[in-house]
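Novice: Have a look at this one.
The values are calculated or read from the model by the stated rules, or taken from the named source; none is laboratory data. Remember, it's a predicted structure, so these values are computed and weren't measured experimentally. Counting neighbours? That spans all protein chains shown, and the Cβs are built from the backbone with ideal geometry, glycine included. Protein only, heavy atoms only, side chains kept; ligands, DNA and RNA dropped before computing areas. Shrake-Rupley method; radii C 1.70, N 1.55, O 1.52, S 1.80 Å.
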Amino acid sequence: MTRKQKRLAVIAGGMSFILVAVLLVMFAFSQSVAYFYMPGDLVSNPVAPGTRIRLGGLVGEGSVLRGEGSVVRFAVTDPSGQIVNVRYQGILPDLFREGQGVVTEGSFETGSNVFTADTVLAKHDETYMPKDVADRLKAQGLWEEGKGAAPQGQQARAQETKAEETKATP
């Protein structure tokens, strides 16, 4: 083999190695991708039973039913009013409750419209506040239970209102 042929063989071998590596990575990603759907999306784009997806929305009010052991059934809803019934076996996250955001991962059972989840992630709201900070804000009148902290402009107005009430009270 001449130097030119050796060089071409090394380049061809390197390119084929890179091509095989890229194909393996693409295959691995295609196997682990779970598309995100909301209940309204499933009406317009149904998925085949056994196809792994992520289902997100709100836990329906009054829909949580605890069965034997750690089996839990609940409904996931979205603003369009569509409902998907979910079955999950396992321990639910602490933040899981009715009316709260949830993302489940799993697939639809064959011959049924029940979504079988193997993972449940509860979303928390943006109004989380550490207890000591919330207590201080409550003492200043800037925190309402269940509503969180008032936005910045409202905080100033709340302080002015509280100051006026304090002055007006003999």
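Novice: Only one of these is under 18 Å from LYS123 (Cα atoms) and of a type in the set (Gly, Ala, Ser): GLY56, GLY69, GLY50. Name it.
Specialist: Checking each option against the conditions leaves just GLY56.
Novice: Can you run down the residue pairs with Cβ atoms below 9 Å, 6 or more apart or on separate chains, where the first is in the stretch 58-74 and touching a residue at least 60 places away in the same chain (Cβ under 8 Å) and the partner is in a loop (DSSP other than H, G, I, E, B) and among the polar types (S, T, N, Q)?
Specialist: Note: no pairs meet the criteria.
Novice: Could we say that GLY141 is open to solvent by less than 80 Å² (accessible area, probe 1.4 Å), at pLDDT 70 or above, part of a loop (DSSP other than H, G, I, E, B) and closer than 18 Å to THR77 by Cβ here?
Specialist: no
Novice: Follow-up question, since we're still on this one. Anything in the stretch 90-102 that is of a type outside the set (Phe, Trp, Tyr) and either buried (at least 18 other Cβ atoms within 10 Å of the Cβ) or within 12 Å of PHE115 (Cα to Cα) (or both)? List them, or say none. Outline the logic, then answer.
Specialist: Kept after step one, since they are of a type outside the set (Phe, Trp, Tyr), are these residues of the stretch 90-102: 90-95, 97-102.
Answer for the stretch 90-102, where residues must be of a type outside the set (Phe, Trp, Tyr) and either buried (at least 18 other Cβ atoms within 10 Å of the Cβ) or within 12 Å of PHE115 (Cα to Cα) (or both): just VAL102.
Novice: Still on this structure, I have one more. Which one of the conditions (1) on the phi > 0 side of the Ramachandran plot; (2) free of Cβ contacts under 8 Å to residues at least 40 places away in the same chain; (3) of a type outside the set (A, V, I, L, M) does GLY99 fail to meet, given that it meets all the rest?
Specialist: With (1) on the phi > 0 side of the Ramachandran plot; (2) free of Cβ contacts under 8 Å to residues at least 40 places away in the same chain; (3) of a type outside the set (A, V, I, L, M) applied to GLY99, the lone miss is (2).
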